[in-house]
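Asks: First the structure, then my questions, so here it is.
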Amino acid sequence: MTSSEENRVCIGAFAGAHGVKGAALIKTFTQSPENIAAYGPAKTEDGARSFTFRFIRTGKPGFVIVSAPEISNREDAQALKGQRLYVGRGELPPPDEDEFYHQDLIGLDAIDENGEPIGFVKAVYNFGAGDLIELDHIPGIKGVRVAPFTKASVPKIDLAAGQVTVMREAISIDDTDDEQNSEN
């Protein structure tokens, strides 16, 4: 990741056109969906395009309808489908205590409750039932494991040390897993 990529945060993604006048449907990753327009111009992942959004209304949960002077018609809005939107990290408010931007967690080393290394945080997901963290490069385990991002499963996050503590039981690492994986 370049330093400019590290200093920006994904706040949403175009999900298609809405109506006939160039409004766009956006899947928002902001805490309050209407905040998609609150952080200044948003840029595409490659930085080639910038959009100044005007919030119109919320759509179905997690989606908003916006307009932007840079989108002139329905075809323009539809052509943007799938493009992720980023703003500079400095445009966002600092997270509250015990809140984290997903970007801050990705790449952190993971240790278990005994301080033993158990990989690193590869990704953070939310499929509607709460946040999950994906761990990769777990010693002795092929593939990745996912754990709920809850206080019970991830009791400590130390951004300064670059570590998260993940309870071993949350990712089911034990000898029987290794034996079953090698038999399959």
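Here, each number is a calculation from the coordinates, and none is a lab measurement. Being a predicted model, the structure only gives us computed values, none of them experimental. FYI the Cβ positions are ideal-geometry reconstructions off the backbone, even for glycines, and counts take in every protein chain you see.
Asks: From the gyration tensor of the Cα coordinates in the chain, what semi-axes in whole Å does the equivalent ellipsoid have, largest first, with each one equal to sqrt(5λ)?
Replies: The three semi-axes for the chain are 37, 18, 14 Å.
Asks: A further question on this structure: With n ≥ 4 as the cut-off for DSSP H runs, can you work out [θ] at 222 nm for the chain, using -39500 (n - 2.57) per run divided by the number of residues, rounded to the nearest 500?
Replies: Counting only the DSSP helices, I get -2500 deg cm²/dmol.
Asks: To the nearest 20 Debye, how big is the dipole of the chain about its Cα centre, given +1 on the beta carbon of each Lys and Arg and -1 on that of each Asp and Glu?
Replies: Dipole size: approximately 1520 debye.
Asks: At 0.36 nm per residue, minus the direct Cα-Cα distance, what do Asp104 and Asp136 gain on full extension? Give it in nm, one decimal, please.
Replies: Once the chain is fully extended between Asp104 and Asp136, it gains 9.9 nm.
Asks: Continuing with this model, one more query. Could you check the spin-label model distance between Gln31 and Glu70? Points 7 Å from the Cα along Cα→Cβ, value in nm.
Replies: Spacing of the two 7 Å Cα→Cβ label points: 2.6 nm.
Asks: P(r) for the stretch 3-89: what percent of alpha-carbon pairs falls in each 10 Å bin, starting at zero?
Replies: 20, 57, 21, 2
Asks: With 10 angstrom as the radius, rank Thr28, Thr44 by how many other C-beta atoms surround their C-beta, starting from the fewest.
Replies: Fewest to most other Cβ atoms nearby, the residues stand as Thr44, Thr28.
Asks: Follow-up question, since we're still on this one. Between Gly59, Ala37, Ala17, whose Cα lies farthest towards the positive end of the dipole of the stretch 16-84 when Lys and Arg beta carbons carry +1 and Asp and Glu beta carbons carry -1, centred on the Cα centre?
Replies: So the residue furthest toward the plus end is Gly59.
Asks: Amide H of Ala110: which non-local residues (sequence gap of 5 or more, or other chain) have their own amide H closer than 5 Å, using H built in the peptide plane?
Replies: Under 5 Å from the amide H of Ala110: Ile118, Gly119, Phe120, Val121, Val164.
Asks: Quick check for me: using +1 on Lys/Arg Cβ and -1 on Asp/Glu Cβ, what's the dipole size of the stretch 102-183 about its Cα centre, in debye to the nearest 20?
Replies: For this selection, approximately 380 debye.
Asks: Once the piece of chain linking Arg168 and Val146 is laid out straight, how much longer is it, given 0.36 nm per residue of separation minus the C-alpha distance between them?
Replies: Taking Arg168 through Val146 to full extension adds about 6.8 nm, to one decimal.
Asks: What's the magnitude of the charge dipole for the stretch 3-89 around its Cα centre, counting Lys and Arg as +1 and Asp and Glu as -1 at the beta-carbon? Answer in Debye, nearest 20.
Replies: Using only the charged Cβ atoms, the result is roughly 280 debye.
Asks: Within the stretch 15-49, name every residue whose backbone N is under 18 Å away from a label modeled 7 Å from Cα of Tyr125 along the Cβ vector.
Replies: 29
Asks: Report the Cα-based extents of the stretch 102-183 along its three principal axes, largest first, to the nearest Å.
Replies: Largest first, the stretch 102-183 extends 37, 30, 20 Å along its Cα principal axes.
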